[in-house]
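What follows is a short report on a single structure.
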């Protein structure tokens, strides 16, 4: 592991000008990572859709890619949490970027050969990198910034993350069309972006390891149980982790549905499908940014019920039959805006509530649970589309109905801040 024996940034000790370079370096690094993760995943999905497999076979392949993207977060998030506590989070970030270079080279080879199993493995590997990086990227925020900027910083981070993921989905559609039959150039693009991410990671402020004496547990289940006990003892933290898990489940379900909805119901090409994904991402980005500013330097829990109610409403509206493409875009954008209201305070609570020595492990456990939600979304999509034979619009409606439960959780189980 890259060693980093630096000190906490001056911004945490009352000199606010010193944190800016480190913070914005983290934001750019995270943007690049989220862009590559989602770009490669959806490039493979677009390549699958473009081969005109029978619907059942196509849905199975989409399920496989979705599962391979989620499984590493289940397997390796706690390892990422251990690394984030045991070593400097800056050093972990740089190390994961070096690992990503190797993944990029493998992805280039897979795309050059047009080998679907190798492309699926590349999705698994790029997701592994994201799982190892996740606890450090979120754990860095409270180490780089004072508490009164945490909600604002989360708004910026969520804006960057979701804009990166959605623009990556759009860009993946462009790459699928532009480099049809010569996808090695798509791999070259992703590798070049990784090099930029490695460079920007060097600008992150040096921070000390939170718990240098922490021992690695070979049994990840026991580590998870320990982290879940810590989460369960804090009612506010437990509420936030449950809400975060559902949000990731819903977001993943929507991504799958939008691809098939655009292809089957609206009968548009990959570029137009990517614009539908962009509508959600732009909405989440705007909602996250607005939530950061509306929080006024504190963690505003009351935005979570508002976000859940809005997601339910616009999830129902987008499920209506006979909508034109602009109406669908508008509904998805507003759904995303309320998703941003929901996400920002939930993430800020997960980062703020644990003690410094427990922060990496708790964030890793929350990250793991969120990707269990992503994994379940792939299975739920397959069950609804194949077993229940629901059309894409009906799956949107099913998502809205499920979000009613999240609205109940947000309104009636919201604990008071302690």
_Residue that is modelled with the lowest pLDDT, among those in the range 189-208 that are crowded, with 23+ Cβ neighbours inside 10 Å and in a loop (DSSP other than H, G, I, E, B)_ = 205
*Just name the residue that is farthest from residue 94 (Cα to Cα) out of those in the range 222-242 that are touching a helix residue (DSSP H, G or I) at 6+ places or on another chain (Cβ under 9 Å) and modelled with pLDDT under 85.*
226
_Unmet requirement for residue 161, which otherwise passes all of (1) under 30 Å from residue 61 (Cα atoms); (2) out of contact with any helix residue (DSSP H, G or I) (no Cβ under 6 Å at 6 or more places or on another chain); (3) modelled with pLDDT under 80_ = (2)
*Could you run through the range 172-188 and say how many residues are in a helix (DSSP H, G or I) and either crowded, with 23+ Cβ neighbours inside 10 Å or without any contact (Cβ under 8 Å) to a residue 12 or more places away in the chain (or both)?*
8
_Suppose the filter is surrounded by fewer than 23 Cβ atoms within 10 Å (Cβ to Cβ), more than 23 Å from residue 143 (Cβ to Cβ) and under 23 Å from the mean Cα position of the chain (by Cα); does residue 239 pass it?_
yes
*Give the range 379-390 a look and list any residue that's in contact (Cβ under 8 Å) with a residue 24 or more places away in the chain and surrounded by fewer than 17 Cβ atoms within 10 Å (Cβ to Cβ), or say none.*
379, 386
_Looking at the range 127-138, can you tell me whether even one residue there is out of contact with any helix residue (DSSP H, G or I) (no Cβ under 7 Å at 6 or more places or on another chain) and under 22 Å from residue 63 (Cβ atoms)?_
no
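The values are calculated or read from the model by the stated rules, or taken from the named source; none is laboratory data. Since the structure is predicted, the reported quantities are computational estimates derived from the model, not experimental observations. So basically every Cβ, Gly included, is an ideal-geometry build from the backbone, and we count neighbours across all protein chains shown.
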